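> The structure's right below; bear with me while I get my questions together.
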Amino acid sequence: MGTVTFDGVGKVFPDGTHAVTDLGLEVADGEFLVLVGPSGCGKTTALRMVAGLETITRGEIRIADKVVNDLEPRRRDIAMVFQNYALYPHMTVAQNIGFGLKMHGFTKSEVERRVNEIAAVLDLGDLLARKPRALSGGQRQRVAMGRAIVRNPAVFLMDEPLSNLDAKLRVQMRAEISRIQRELRTTTIYVTHDQIEAMTMGDRVVVMRKGRLQQVDVPQVLYDHPANLFVASFIGSPSMNLFQGEVAAGGMLQVGTQRLALPRDGVFARELATQAGRLVAVGVRPEWIVPASSGDDRPRLRGTVVMTEALGFEVLVHVEIDAAPVVTSETIEVALDVDAAALADLEAERSKQRTMIVARFPAGSPVRAGETIELGLDLSHAQAFDLESGLALGAG
């Protein structure tokens, strides 16, 4: 069995840096688990501890119920795929794929048989005689995968294997890796900083921040019900819109100078039922914000269009509304990980007590920068968060 268990695992580097803290996680046999988070969150360190490339400061890691803390990497029955491929430039594709088998004493005929089988799976049959320098980036990545697959390990470990590929090839290779993993049903732990990659590939996704697990669940639950402000800010493209609102009497939500009627039932209504007089962070995904229309009974927010992004199949409309922004350590960290401009925008919103939100409009929507529009909000799909703890209300 290819189960992997992190039991209270921690890693502290000699300089005192806590790279991973009290990580508890069960990876099921045959599961494709993705670790995602910003740079420095501990995801690669966690992977390297499974591989035996980093020592474990505390806790236990078990592979197939066997404690591997002090086991040499070659005795852990794992295979690792690196982001730089790590191919031998002087060897052919066939020699690269079969090298590990040769080192483990397999016969020449058995090595050849396995290499040919894997080459067929990866569509490398016509490239076996080539050297790595004669291959494209995607072909090199498939060779690196072939070298891992051919050993038939209990666990695959993949450390940002697509980060060196261009955008189009990354999409193709995402589908290819997912297909191969489904066919082989080998337990796979995959590290990436790209949340779209994580959401489209993982059976479950682990979101990490500052060495700690924030949430682990199937992708749709992470998207629909983030456990805290960090996950809400990090998952989704565009990410969840966040702004402050005060829960008012009579089932109303005060957002800046505007009052919105809360839904009569549903999760959002239950979350806010006991919060009268309290400021909360309100989270609404862009697809639940639409152009307001006559006869529509959804709560409305007025705002000024700052810019639009026409994507062919839809228009992303960036609207500034009269509402206090949600500026916490979690949202700042996500903005820093995106780029300096995102952090500058967040700070500018805080100084003006206005917030930029993004709505998904149908293609061809006649909206222009500078105009004032009304937005209809489907608050039955909204979520509320505690401003101090950052936790989703009702999460515990």
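Only the coordinates and a few stated rules stand behind these numbers; no lab work does. No experiment lies behind these values; they were computed from the predicted model shown. Neighbour counts are summed over all protein chains in view; Cβ atoms, including those assigned to glycine, are modelled from backbone coordinates with ideal geometry.
> What is the chain's relative contact order, in percent, from Cα pairs under 8 angstrom and six or more apart in sequence?
Dividing the mean separation by the residue count of the chain yields 16 percent.
> Tell me which aspartates and glutamates have Cα within less than 14 Å of K210's Cα, excluding those fewer than 8 residues away on the same chain?
Partners within reach: D22, E330, E333, D337.
> Let me ask another. Helix 340-352: angle to the longest alpha-carbon principal axis of the chain, degrees 0 to 90, nearest 10?
Tilt of helix 340-352: around 20 degrees.
> Mind jotting down the three principal axis lengths of the chain based on Cα atoms? Whole angstrom, largest first.
77, 47, 38
> With springs only between Cα atoms under 10 Å apart, run a GNM on the chain and tell me which of P161, P238, P226 wobbles the most.
P238
> With an 8 Å Cα cut-off and a minimum separation of 6 or more residues, compute the relative contact order for segment 4-229 in percent.
29
> Given the -39500 (n - 2.57) contribution per DSSP H run of 4+ residues, what per-residue ellipticity at 222 nm results for the chain, rounded to the nearest 500 deg cm²/dmol?
-8500 deg cm²/dmol
> Within segment 356-396, what residues put their amide N at less than 17 Å from the label point 7 Å along the Cα-to-Cβ vector of S329?
Taking a point 7 Å out along Cα→Cβ of S329, the residues of segment 356-396 whose backbone N falls under 17 Å are 386-392.
> Just to confirm the number: angle between the C-alpha axis of helix 329-338 and the first principal axis of the chain, 0 to 90 degrees, nearest 10?
Tilt of helix 329-338: around 60 degrees.
> Segment 4-229: Rg/Rh from Cα coordinates, Kirkwood Rh?
0.97
> In addition: Run the reach check for K102 against lysines, Cα to Cα strictly under 21 Å, same-chain hits fewer than 8 apart removed. What comes back?
Output for K102: K131.
> Tell me, what is the FRET efficiency for T57 and A167 to the nearest 0.05, using R0 = 41 angstrom and their Cβ-Cβ distance as r?
E(calc), rounded to 0.05, equals 0.65.
> Please work out the FRET efficiency for the pair N152 and T17, using the Cβ-Cβ distance as r and a Förster radius of 35 Å; give the result to the nearest 0.05.
0.45
> How many percent of DSSP beta bridges within the chain run antiparallel, rounded to 5?
Of those bridges, close to 75 percent are antiparallel.
> Give the angle, between 0 and 90 degrees and rounded to the nearest 10, that separates the Cα long axis of helix 108-121 from the longest principal axis of the Cα atoms of the chain.
20
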